[in-house]
Amino acid sequence: MTAKIIDGIAVAASIRAECRDRIAQIVAKGGTPPGLAVILVGSDPASQVYVRNKMRACAEVGIRSYRFDYPADVDQQTVIDGIEELNADPKVHGILVQLPLPPSFDIARILRTISADKDVDGFHLYNVGGLVVGGTVFPPCTPYGVLKLLQHEKIPLEGKNVVVVGASNIVGKPMALMLMHHEATVSICHAKTKDLAQFTILADILVVAAGKPNLILPQMVRTGAVVIDVGINRTADGKLVGDVDFEGVAKKASYITPVPGGVGPMTVSMLLVNTIASCERWQRHELFDLTNYRPRLEIAQP
Ligand code: NAD
């Protein structure tokens, strides 16, 4: 068997074309075009590239983006004050804080300062809760992109054995929840999982997001499985690779995503989709009822 290679660049391009149409409709009705605020703390080179790519993608589809750079030694309160100003700014529909933040920052505190109504990365506790009970407004972009790829290829999820390798808050856990909502039988593996292969070999659909090159070898994959490689790793010679032995696994799988050109382009496209969805919600006055929700309340330690 030779796997069909899922072309994330092509699927992302079609999603961006839909984004342009949705923005044209917003503007045609006299609405404010969607706006995304991007906050970058420090000068991490990879983060600089990610932020530039996100802003370029915004410009391509007609989203206005606003960049806020802070030095690495900025006081956390200054960033919190900046986010609160953006929460109140009517031309901003999405707020994104580029991670990682410098180690002195309380990431959870920063993320819960972002209004749940502008949380286009889907990391706010309110949106995470929505993901657990179903019907979240802003699904986190990377697993949302994986889901779109599976749906684009018309790969059925109901009743399928799905194994997610990686249990981070950004990729693995939300991915597992989303797939559960589609009635898949989901197992989550992580760095402490004993004998990873005994789980992966059972997968009809294997989603890998561990950040370890060559973690998944052909003998760990069932013939005909769908393999989605979220990992991004740079090898010593500067090449980008995923977590899956692409050449070997492609001979056994029915579908596989390449790295680069698979999940990566989808992540940014889903950020655009969430920002547009947020703008449309604001136009419909369809915001969360957070009357009794106090995002700044500190949770007492037991
Ligand atoms: P993370 O470091 O926060 O989490 C990694 C997860 O993998 C953890 O749950 C860990 O327990 C698990 N893990 C690590 N080693 C393992 C092993 N040997 N066996 C089984 N599980 C193992 O990383 P993350 O933010 O979730 O990202 C994971 C990977 O996905 C990274 O390579 C990252 O660059 C990539 N990523 C790609 C995109 C994209 O758009 N394509 C987006 C986000 C992350």
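The values are calculated or read from the model by the stated rules, or taken from the named source; none is laboratory data. Owing to the predicted nature of the structure, the values given are computational and were not obtained by experimental measurement. Neighbour counts are summed over all protein chains in view; Cβ atoms, including those assigned to glycine, are modelled from backbone coordinates with ideal geometry. Heads up: the accessible areas ignore ligands, DNA and RNA and are worked out on the full protein's heavy atoms, side chains in. Shrake-Rupley method; radii C 1.70, N 1.55, O 1.52, S 1.80 Å.
Answer yes if at least one residue in the stretch 75-92 is part of a loop (DSSP other than H, G, I, E, B), farther than 17 Å from Asp119 by Cα, at pLDDT 95 or above and open to solvent by 80 Å² or more (accessible area, probe 1.4 Å), and no otherwise.
yes
Considering only residues that are within 13 Å of the ligand (Cβ to nearest atom) and assigned to a strand (DSSP E or B), which ones fall in the stretch 161-201?
Answer for the stretch 161-201, where residues must be within 13 Å of the ligand (Cβ to nearest atom) and assigned to a strand (DSSP E or B): Val163, Val164, Val165, Ser187, Ile188, Cys189.
Just a yes or no: is a residue in the stretch 180-194 under 25 Å from Asp119 (Cα atoms), surrounded by fewer than 22 Cβ atoms within 10 Å (Cβ to Cβ) and touching an Asp or Glu at 6+ places or on another chain (Cβ under 7 Å)?
yes
Given the criterion without any contact (Cβ under 8 Å) to a residue 60 or more places away in the chain, under 27 Å from Leu287 (Cβ atoms), open to solvent by 10 Å² or more (accessible area, probe 1.4 Å) and charged (D, E, K, R), identify the matching residue among Lys173, Lys160.
Lys173
Among the listed residues Val259, Val241, Val226, which satisfies the condition of being touching a strand residue (DSSP E or B) at 6+ places or on another chain (Cβ under 6 Å), within 15 Å of Thr2 (Cβ to Cβ) and at pLDDT 95 or above?
Val226
Check off (1) open to solvent by less than 20 Å² (accessible area, probe 1.4 Å); (2) over 22 Å from the mean Cα position of the chain (by Cα); (3) closer than 26 Å to Ile15 by Cα for Gly248 and give me the number that stays unchecked.
Evaluating Gly248 over (1) open to solvent by less than 20 Å² (accessible area, probe 1.4 Å); (2) over 22 Å from the mean Cα position of the chain (by Cα); (3) closer than 26 Å to Ile15 by Cα leaves (3) as the failure.
On the given criteria, is Ile5 open to solvent by 40 Å² or more (accessible area, probe 1.4 Å) and in contact (Cβ under 8 Å) with a residue 12 or more places away in the chain?
yes
Which condition number in (1) part of a loop (DSSP other than H, G, I, E, B); (2) open to solvent by 10 Å² or more (accessible area, probe 1.4 Å); (3) under 19 Å from Ile5 (Cβ atoms) is the one that Gly231 fails?
Failed condition: (2).
Got a number for residues in the stretch 1-16 being among the basic types (Lys, Arg) and within 24 Å of Gly62 (Cβ to Cβ)?
1
For residues that are open to solvent by 10 Å² or more (accessible area, probe 1.4 Å) and more than 10 Å from the ligand (Cβ to nearest atom), scanning just the stretch 255-264, find the one that is nearest to Lys154 (Cα to Cα).
Taking the candidates together, the pick is Tyr255.
Take the stretch 202-254 and flag every residue that is within 14 Å of the ligand (Cβ to nearest atom), more than 20 Å from Leu150 (Cα to Cα) and not charged (D, E, K, R).
Those that are within 14 Å of the ligand (Cβ to nearest atom), more than 20 Å from Leu150 (Cα to Cα) and not charged (D, E, K, R): Gly211, Pro213, Asn214, Leu215, Leu217, Met220, Asn233, Thr235, Leu240, Val241.
If a residue must be surrounded by 19 or more Cβ atoms within 10 Å (Cβ to Cβ) and small (Gly, Ala, Ser), how many such residues does the stretch 195-216 contain?
The qualifying residues number 3.
Restricting to the stretch 121-157, and then to whatever is part of a loop (DSSP other than H, G, I, E, B) and open to solvent by less than 10 Å² (accessible area, probe 1.4 Å), can you tell me which residue is nearest to Ile228 (Cα to Cα)?
So, considering only residues that are part of a loop (DSSP other than H, G, I, E, B) and open to solvent by less than 10 Å² (accessible area, probe 1.4 Å), the one nearest to Ile228 (Cα to Cα) is Pro140.
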